[in-house]
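Report on the following structure.
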Amino acid sequence: MHNASEFYYPEHPEMKEDFTINQDYHKYKKDHHATWKFLYERQSKLLEGRACNAYMDALKHLDFSHERIPNFDDFSDKLMKATGWQVVAVPGLIPDYTFFKHLSERKFPVTNWIRSQHQLDYLQEPDIFHDFFGHVPLLANPVFADYMHAYGVGGVRAMDLGGERYLKFLARLYWFTVEFGLMIDDGNLRIYGAGIVSSKGESVYCLDSEVPHRIYFDIKRIMRTEYVIDRFQENYFVIHDFKELFNETKQDFEPLYHEVEDLGDIAMGEKLTTDMKI
Ligand code: HBI
Ligand code: FE
């Protein structure tokens, strides 16, 4: 996990204590906008019939520009009206506590830089395409917006309770829902996770491949399951709707943390007889 001393952004002397910076919109060049346009068009086509209705509807509702990188202030106004969320600019990964704190204040940190034209497909760190195209649309969905907020509140609380100790459970919950979640939409398997919607390869693989293991959402199972960040997933967890996520996240996690700590970790790709498979 990440603590504050690992994050050093000397190129941003103006950065505030909460790791926010200015988006500096005027600094984007023609090539940056061209990369946005290329990625936007490629993914929005690919996601027809793959992303969940809530995501596709929100993408339309927010009316992103195809041609240019979005200006955070414009979208903060739209989000504020829809669900009370805002977008704030950050230079890259930020410490866990700071990240949770932003979510608990209904602020979503978005990286302000875009990947280079030589590395269009695969990135380990978030850039503006992942953060904005992947995460921002669903923040306009009222139930999902409340889930993200509850998650942030839970994160702040977990760190106050146990410091680093409980963080891995929360990170797994985020990973298998917000980043790599699937859902059943009108009887079909669909994507809602931001890590998938922003990935060309995984948006096909997660639905079509016979390799990964697709399991019905089970919060304890998720909190116990290990993941890697540098290749396609071996486990996906499938929800019925965002209400299910929100309701599970409102509960007090403290007893859950103790229970999952006792039960122990589950290796990636490991199958359990209790798994409800799709
Ligand atoms: N920072 N910019 C950024 N984006 C994230 O998704 C992020 C982060 N810092 C920490 C963090 N995520 C984790 O705490 C969560 O994934 C659990
Ligand atoms: Fe992300």
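The values are calculated or read from the model by the stated rules, or taken from the named source; none is laboratory data. Since the structure is predicted, the reported quantities are computational estimates derived from the model, not experimental observations. Note that we place each Cβ from the backbone using ideal geometry, even for glycine, and neighbour counts take in every protein chain shown.
Reported count of residues in segment 160-190, each being of a type in the set (Phe, Trp, Tyr) and either outside any helix (DSSP H, G or I) or surrounded by fewer than 18 Cβ atoms within 10 Å (Cβ to Cβ) (or both), is 1.
For segment 66-99, taking the residues that are of a type in the set (S, T, N, Q) and within 18 Å of residue 21 (Cα to Cα), the one that is nearest to ligand 2 (Cβ to nearest atom) is identified as 98. Only a single item in (1) of a type outside the set (A, V, I, L, M); (2) within 12 Å of ligand 2 (Cβ to nearest atom); (3) over 22 Å from residue 63 (Cα atoms) is not met by residue 133, and it is number (3). Scanning segment 90-115 for residues that are near ligand 1 (Cβ under 10 Å from one of its atoms) and part of a strand (DSSP E or B) yields a count of 5. With respect to the conditions (1) at pLDDT below 95; (2) more than 16 Å from ligand 2 (Cβ to nearest atom); (3) loosely packed, with under 14 Cβ neighbours inside 10 Å, residue 45 lacks only one, and its number is (1).
Residue check, residue 66 against (1) modelled with pLDDT of 95 or more; (2) farther than 28 Å from residue 172 by Cα; (3) in a loop (DSSP other than H, G, I, E, B), all met but one. Which one? Residue 66 satisfies every listed condition except (1).
The single condition from (1) within 16 Å of ligand 1 (Cβ to nearest atom); (2) modelled with pLDDT of 95 or more that residue 188 fails is (1).
Residue-wise test of (1) more than 21 Å from residue 152 (Cα to Cα); (2) of a type in the set (Val, Ile, Thr); (3) touching a Phe, Trp or Tyr at 6+ places or on another chain (Cβ under 8 Å).
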| site | (1), (2), (3) |
| --- | --- |
| 214 | yes, no, yes |
| 228 | yes, yes, no |
| 251 | no, no, no |
| 269 | yes, no, no |
| 274 | yes, yes, no |
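Taken over segment 191-228, the residue count meeting the criterion of being assigned to a loop (DSSP other than H, G, I, E, B), charged (D, E, K, R) and either within 14 Å of residue 46 (Cα to Cα) or free of Cβ contacts under 8 Å to residues at least 12 places away in the same chain (or both) is 1.
Of all the residues in segment 6-56, those that are without any contact (Cβ under 8 Å) to a residue 40 or more places away in the chain and closer than 18 Å to residue 193 by Cβ number 4. Every condition in (1) assigned to a helix (DSSP H, G or I); (2) more than 12 Å from ligand 2 (Cβ to nearest atom); (3) farther than 26 Å from residue 260 by Cβ is met by residue 144 except one, and the failing one is (3). Assuming residue 177 fulfils every condition listed in (1) free of Cβ contacts under 8 Å to residues at least 24 places away in the same chain; (2) within 15 Å of ligand 2 (Cβ to nearest atom); (3) of a type in the set (Ser, Thr, Tyr) apart from one, which condition is it? Among (1) free of Cβ contacts under 8 Å to residues at least 24 places away in the same chain; (2) within 15 Å of ligand 2 (Cβ to nearest atom); (3) of a type in the set (Ser, Thr, Tyr), residue 177 violates only (1).
Pairs linking a residue in segment 83-112 that is within 18 Å of residue 157 (Cα to Cα) to a residue that is buried (at least 18 other Cβ atoms within 10 Å of the Cβ) and among the small types (Gly, Ala, Ser), with Cβ atoms under 6 Å and 6 or more positions apart or on different chains, are 100/152; 100/155; 103/152; 104/152. Residues of segment 116-145 that are surrounded by fewer than 20 Cβ atoms within 10 Å (Cβ to Cβ) and either within 13 Å of ligand 1 (Cβ to nearest atom) or charged (D, E, K, R) (or both): 121, 123, 124, 125.
Taking first residues from segment 236-253 that are at negative phi and partners that are of a type in the set (Lys, Arg), the Cβ contacts under 6 Å between residues at least 6 apart in sequence or on separate chains come to 236/214; 238/214.
Just wondering, is there one or more residues in segment 202-219 that are touching a Lys or Arg at 6+ places or on another chain (Cβ under 7 Å), closer than 21 Å to residue 49 by Cα and within 16 Å of ligand 2 (Cβ to nearest atom)? The answer is yes, given that some residue of segment 202-219 is touching a Lys or Arg at 6+ places or on another chain (Cβ under 7 Å), closer than 21 Å to residue 49 by Cα and within 16 Å of ligand 2 (Cβ to nearest atom).
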